[in-house]
Amino acid sequence: MRYISTRGGIAPISFTEAVMMGLATDGGLLLPEKLPVAAAAEIAAWRELAYPELAGAVLSRFIDDIPPADLQELIRRSYAGFNHPEITPLVDLGECRILELFHGPTLAFKDIALQLLGNMFEYLLAASGGRMNILGATSGDTGSAAIYGVRGKERINIFILHPHQRVSPIQERQMTTVLDANVFNIAIRGNFDDGQAIVKKLFNDIPFKEKYQLGAINSINWARIVAQVVYYVYAALRLTGAKGAGQVDFAVPTGNFGDIFAGFVARRLVPGLIGRLILATNENNLLTRFVLDGDYSVSTVRPTSSPSMDIQVASNFERYLYYLNDEDSARTRQEMDDFARSGSLRFGPDRLARIQADFASQSADEPATLATISDFYRRHDYLLDPHTAVGVYAGLACRRENVPLVCLATAHPAKFGAAVEAAIGRPPELPPALAALENKESRCQVLDADLEAIRSFVADHAV
Ligand SMILES: *Cc1c(COP(=O)(O)O)cnc(C)c1O
């Protein structure tokens, strides 16, 4: 399996090269030269497998340059710390099923990909004798999943910038109570955009980037997508087959388009089993306008109770655009250039029909999100986090008769206690992992939002 860029500017590379490259060097995103399709007999055999073994089977359709036994061991280690034996259990609520993706160490679905990515980085760096300094800015949630993905790993240090005293206390403690020597939390006196701007400048400083082997851990890494393909296949296999349904629909709370793109890849991989992919947005509904009207135009970000979806420009969108353009990289590059200039793309009737064959979509405003949380609590005694609630709202709106609906639950409700309290009148109970944070020792460096201050801190503490 070779990997190419959506913009056509690189010679095909291997999976491990794609993982280490992250963003393609021509500015595009990396994709398999050809998306794999599993045969019926293979899919039948997959039905018998537990999650880690299924992950091994699915990932080996995308990865041919890590020996299968090593890959299986990386997967085993990545999911050994999850607090549910099924890793991603399905909860049947009658009108829909909830696919709980929050049983990892930081109680959010990003653990599923980042636990594996951390282990892969360590494994590949051990083989090459290299090292990596991961640098990123977070507004709260992805920072902790990235930190837990690489804590204690050899040959890797991680530097995560967050805005000082502007992330929730739980989010801050999730990051700063990780005391491993390779983890550096930096609270900057400024906001998220200040942190993001500094990180961008350091990545654009090529001599600095090369000298310190800067690495990114954001959602454009192909390994993250591929890890997420697994749970779509897992859920579809459990609900279809001999005694089950013909196919399943999925509702996906969407921000950067990474998770739903994994669903798109999964649907190709197991033909016939996955029906509709329902793209759910909050009030930042650019992607819903794209699906319903063929209008992909940015506006300003509105803060909502589902902050991990408060995104306008979805970083993985280009991957889907490439397929919508029948794998025409010249056209994709042209359109991404146009978009960078104008902030807008329009899709005519032909392409719109194809978009609507690929996705359904619905956005949930704030009242609808909170009403869905309180409704599910009342009727099912089940607590949704606000991101999951956006997905459930859209899922029920786009639901089909006699087709099981799976709603992806992307975070544990206790991570977003304030929104849950606003919906049901009391805060959610803290699970032990979050309750324990309160009394833990923490470590964090507070620095000015100053490029040179951050640059020298990274240089002084780099691996
Ligand atoms: C990141 C995130 C999302 C959005 O996923 P994308 O892959 O960016 O579309 C949804 N919910 C939660 C809780 C997240 O952390």
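Nothing in this text is a laboratory measurement; each read-out follows from the coordinates by a stated rule. These figures come from a predicted structure and were not determined experimentally. Every residue, glycine as well, gets a Cβ built from its backbone with ideal geometry; the counts of neighbours run over all protein chains shown.
When each pair of different Cα atoms in the chain is counted once in the 1/r mean, what is the Kirkwood radius in angstroms, to one decimal?
Evaluated on the chain, it is 22.5 Å.
Express in nm, to one decimal, how much length is gained between Asp338 and Ala197 on full extension, taking 0.36 nm for each residue of separation and deducting their alpha carbon distance.
48.5 nm
Rounded to the nearest 5, what % of the DSSP beta bridges within the chain are antiparallel ones?
Rounded to the nearest five, the antiparallel share is 25 percent.
Mean shadow of the range 318-463, computed from the convex hull of its alpha carbons, in nm²?
15.9
Over the residues of the range 261-356, compute the C-alpha Rg and express it relative to 2.2 N^0.38 Å.
1.12
For the chain, what is the charge dipole size about the Cα centre, in debye to the nearest 20, if Lys and Arg each add +1 at the Cβ and Asp and Glu each add -1 at the Cβ?
260
Rank Asn325, Ile260, His380 by how far each Cα sits towards the positive end of the charge dipole of the chain (+1 on Lys, Arg Cβ; -1 on Asp, Glu Cβ) and give me just the farthest.
Ranked along the dipole, the leading option is Asn325.
What number, in percent, do you get for the relative contact order of the range 359-455 if the mean sequence gap of Cα pairs under 8 Å and at least 6 apart is divided by its residue count?
Relative contact order for the range 359-455 comes out at 24 percent.
What number, in percent, do you get for the relative contact order of the chain if the mean sequence gap of Cα pairs under 8 Å and at least 6 apart is divided by its residue count?
The normalised contact order for the chain reaches 18 percent.
Tally Lys/Arg at +1 and Asp/Glu at -1 over every other residue whose Cβ is under 15 Å from the Cβ of Asp64; what's the total?
Combined, the nearby Lys, Arg, Asp and Glu give -1.
Beyond a 22 Å Cα-Cα separation, which of these cross-linked pairs lie in this structure: Lys110/Lys211; Lys34/Lys243; Lys209/Lys440; Lys110/Lys415?
Pairs exceeding 22 Å: Lys110/Lys211; Lys34/Lys243; Lys209/Lys440.
Quote to one decimal, in nm, the extra length available between Asp293 and Ser456 on full extension: 0.36 nm per residue of separation minus the C-alpha distance between them.
Length gained, Asp293 through Ser456: 53.9 nm.
Pulled fully out, how much extra length does the chain show between Asp381 and Arg400, if you take 0.36 nm times their separation in residues and subtract their Cα-Cα distance?
Going from the current span to full extension adds 4.4 nm.
Just to be sure I follow: if Rg is taken over the C-alpha atoms of the range 204-304 and Rh is the Kirkwood radius over the same atoms, what is Rg/Rh?
Reported Rg/Rh, Kirkwood definition of Rh: 1.10.
Just to be sure I understand the model, the point goes 7 Å from the Cα along the line to the Cβ. What's the resulting Arg76 to Ala40 distance in nm?
3.4
Would you mind estimating how fast the range 1-70 diffuses translationally, via Stokes-Einstein at 25 °C and 0.890 mPa s with the Kirkwood radius over Cα pairs, in µm²/s?
So the translational diffusion coefficient is about 183 µm²/s.
Grab the other residues whose beta carbon is less than 14 angstrom from that of Leu101, score K and R as +1, D and E as -1, and report the net.
Net local charge, Leu101 excluded: -2.
Quick one: Cα convex hull volume of the range 59-200, Å³ per residue?
Here the figure is 148 Å³ per residue.
Would you mind checking the range 81-115 for residues with the amide N under 17 Å from a putative spin-label position 7 Å along Cα→C-beta of Glu48?
No residue passes the distance filter.
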